[in-house]
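No value in this document is a laboratory result; all are computed from the given coordinates. Bear in mind that the values here come from a model prediction, so they are computed numbers and not experimental data. Note that each Cβ is placed from the backbone with ideal geometry, even for glycine, and that neighbours are counted across all protein chains shown.
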Amino acid sequence: MSKTHSFLRITGMVLLVVLAAAPAFAQDGMMAAAERNVSFEGPDGTTLQGYLATPSGSGPFPGVIMVHEWWGLNRDIARLADALASEGYVVLAPDAFRGSVAQDAQGAMQQVRTTPREQIAGDMDAALDFLRSHELVDADRVASMGFCFGGTQSMYMGTRNPELAAVVTFYGSGPITDPDQLGAMDEAGPVLGIFGAEDGNIPVSEVRGFERAMNRRGIENTVTVYDGVGHAFVGSENYDQGGTPTEAWNQLLGFLEENL
């Protein structure tokens with residue numbers, strides 16, 4: 001199967017999972033576009049934008065690239081960036097779709113399918129360069145993370161950027177199961193994978209294949225599959241409300257504290 005066909009298969013499966021939840025998301029104010037408060041240059045000279053959340057103090061602080069879900073850079077991801085910044089991290093949520101924010105699953109699928117993967121990769125790497133060069137950030141203590149679509153992007157950032165101090169994927173679709181496709185991940189920092197046992201988009205067998213692939217390459221990793229939850233189970237409305245979402249968020253905080 002070609003990479004293009006594999007990518008479309010992955011996004012197609014995501015559509016099936018998210019369609020049921022789409023009306024609730026679309027009616028939520030968190031789906032509105034987030035503020036874009038920073039700009040930086042992309043690989044093709046395009047001016048890229050993102051949302052930057054900073055902690056109090058003069059730093060230098062560890063930094064985190066937080067990649068949004070397939071909806072785009074909306075208020076939900078900005079609130080999560082603010083929450084993480086309150087823990088002492090400079091958090092950059094880059095706009096992977098260059099201004100587009102979907103309000104329903106069909107629109108989200110469209111922007112994922114029509115945005116060139118090479119463009120997304122280049123934009124995310126430019127965001128990493130920008131964050132590492134920020135005056136408040138310790139360039140040696142920067143991690144990538146993301147949710148759903150963003151979790152996949154964070155995983156692939158780890159394959160391209162050995163300077164990352166840690167890599168986190170929250171239920172990123174299409175986890176890599178071929179050790180040869182992990183690229184530079186064995187030179188980057190440890191990997192945290194968080195998934196749901198009831199995720200119809202990402203079978204647990206694929207998650208375990210990802211884990212085995214990392215182990216074969218000697219990559220330090222922690223992969224947790226939470227029982228009783230499916231896809232996209234952590235958001236700004238529930239990360240601090242107890243239960244499994246809070247448990248997963250706290251696992252993230254412990255992982256970042258240990259590795260950054």
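Key figures
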| read-out | value |
| --- | --- |
| Most mobile listed residue (GLN106, GLN153, GLN49) in the chain, GNM with C-alpha springs under 10 Å | GLN106 |
| Rg in Å to one decimal, and Dmax rounded to a whole Å, for segment 166-259 via C-alpha atoms | 13.2, 40 |
| Relative contact order [Cα under 8 Å, 6+ residues apart], segment 3-259, whole percent | 16 |
| Relative contact order for segment 94-226, counting Cα pairs under 8 Å that sit 6 or more residues apart, in percent | 17 |
| Around ASP199: net Lys/Arg minus Asp/Glu count, Cβ-Cβ under 12 Å | -3 |
| Sequence of TYR51, TYR226, TYR171 once ranked by neighbouring C-beta atoms within 10 Å, starting from the fewest | TYR226, TYR51, TYR171 |
| Footprinting exposure proxy for ARG212, ARG79 (fewest neighbouring C-beta atoms within 10 Å first) | ARG212, ARG79 |
| Neighbourhood charge, 15 Å Cβ-Cβ cut-off, centred on THR169 and excluding it, Lys, Arg +1 and Asp, Glu -1 | -3 |
| Gained length - ALA139 relative to ASN215, 0.36 nm times residue gap less alpha-carbon distance | 24.7 nm |
| Distance (nanometres) between label positions extended 7 Å along Cα→Cβ at GLN119 and THR47 | 1.8 |
| Environment charge at GLY88 (Cβ cut-off 14 Å; Lys +1, Arg +1, Asp -1, Glu -1) | -4 |
| Net lengthening on full extension, THR244/ASP180 (0.36 nm per residue, minus Cα-Cα) | 19.7 nm |
| Label-zone membership for segment 181-223, site GLU163, 7 angstrom Cα→C-beta point, backbone N under 20 Å | 183-191 |
| Fewest-first ranking of HIS231, HIS68, using other Cβ atoms within 10 Å as the exposure measure | HIS231, HIS68 |
